[in-house]
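One structure is given here, and the rest of the page talks about it.
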Amino acid sequence: MATFALPFCEIPEDLQLRILSFLTPAEISSFACTSKRFASLCQEDGKIWHVMCDQRWGKKTKIQKWANGQIPYRHLYKTLKGLENLIGFWRLCGRANPAASSPPLVFFDWGSSFILGSRVLSTGDDTYEVKKTPFLLMGISPEGRSENFLDLVGGNLRSVDDDLKELEASNNLVSVDVNFMGNGHIMVEENRCFTNNNRREDQRSSGDESDDLISSPNFSEMYTQLANKTSPGGDRRRQKRKEKERQASRTKWEPEHFLKVADCSPTPTRPLQGLWKGFCEGSMELYLVKYDEVGGIICRKVEDLSLSRYTPPVFWTPKHTFIRSPFSAEEELLLNSRIHISPFAEVHENVVSGMLYMKSSCDLVLPGEPGNGIGFLRGEGRVWLYDNGTFGFGFLRDQFIIDLKRVALEDGCLADEVEACM
């Protein structure tokens, strides 16, 4: 049976647009040069750019609601493409005092008409479950400007509607700039232009007499102002000033830097790679495991990575090739005599499929030097790979195994998430 190829120009327009939606903007520009009809089609913002936005992000967010639908889809495509790199896990970096700062791991996800950044926290109930606490909202104004709001107090972004105007008027949120320092580095700092403009408007609307106090002295006005300090109206003015001072002091915070966690999940060739969680000294800790350039594996706490000073790793392995079972009688005894630290009793029942020797230091060890040989090869501890893809580690100095579980699912979403109470 003979088949006939239908020319592209004879295909219905809705199918043409759907096919063109898989092209890049540069390819669309080249296609528009092929004919006047296609040039006209590619210039219609409500058609080609709308379908391109819908094809790429339509299942993740409501593209019609961004900026209240008042900006061209061509501009929206460019904006969303830049914000798309935010989606996923990021870690705080460069802080000096961990006790006075925020949780080190954050997660960015799509909202209905914005991107929402949330801090990842343990639920604190002796389980692997975690919760997200929203702290940063990124959207677009109807004029096409970026609008970002930071919640310093907490709890103000858990129920967000699509109108960013209400967020602008909120006293519990701070307008911030999110600066991209590269594909994997962002800095969040206060938007001082927005804050200063709001303070000027507050001064004009509240009738603040601070400017009068700076002008040339007028004893009649000075007497009036002094009298107002003891009057009911003076109390209201002092209350307004205290409220403005409170808001000004609340917005004095240091800019925060975040680095993207690129490899947050394990792969078949790198089964230990990514973000993990486990219990240490009675509380849940977050770990980041990476494969280094010399064939080893390094595990660090995410909390330690956020500090500006150097902290040693949790463990380091000189090799990443696992020793497969069956193990020697000595290694079997070492494994079976240990206590598993895990909130779930069934975790330690997993079958161990591989083992690595590991150290608690990355110090370079040269062959033939004192301390090398069998003592180095045996290491200071072990890493045990389970048949379900998780793993645990333990040191020879104690009798415990810290069992770890993944932080991220295979699709990049947060695992074991529970809904935070409103």
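The values are calculated or read from the model by the stated rules, or taken from the named source; none is laboratory data. These numbers were taken from a predicted model, which means no experiment stands behind them. Here the Cβ positions follow ideal geometry from the backbone for every residue, glycine too, while neighbour counts run over all protein chains shown. Please note that ligands, DNA and RNA were not included when accessible areas were found on the heavy atoms of the full protein model with its side chains. Shrake-Rupley method; radii C 1.70, N 1.55, O 1.52, S 1.80 Å.
Couple of notes before you dig in:
- When the range 387-401 is filtered for residues that are over 17 Å from I297 (Cα atoms) and touching an Asp or Glu at 6+ places or on another chain (Cβ under 9 Å), the ones remaining, listed by number, are L396, R397.
- Residue count for the range 66-96, restricted to those that are at negative phi, of a type outside the set (S, T, Y) and open to solvent by less than 80 Å² (accessible area, probe 1.4 Å): 19
- All positions within the range 117-153 that are of a type in the set (A, V, I, L, M), open to solvent by 30 Å² or more (accessible area, probe 1.4 Å) and in a strand (DSSP E or B): L121
- The helices (runs of 4 or more DSSP H) falling completely within the range 1-79 that include 1 or more residues that are closer than 25 Å to E143 by Cα map to 25-32, 36-43, 50-57.
- Filter result (modelled with pLDDT of 90 or more and more than 18 Å from R406 (Cβ to Cβ)) within the range 94-117: F108, W110, G111, S112, S113, F114, I115, L116, G117
- For the range 273-294, the count of residues that are at pLDDT 90 or above, open to solvent by less than 50 Å² (accessible area, probe 1.4 Å), assigned to a loop (DSSP other than H, G, I, E, B) and in contact with a Gly (Cβ under 6 Å, 6 or more places away or on another chain) is zero.
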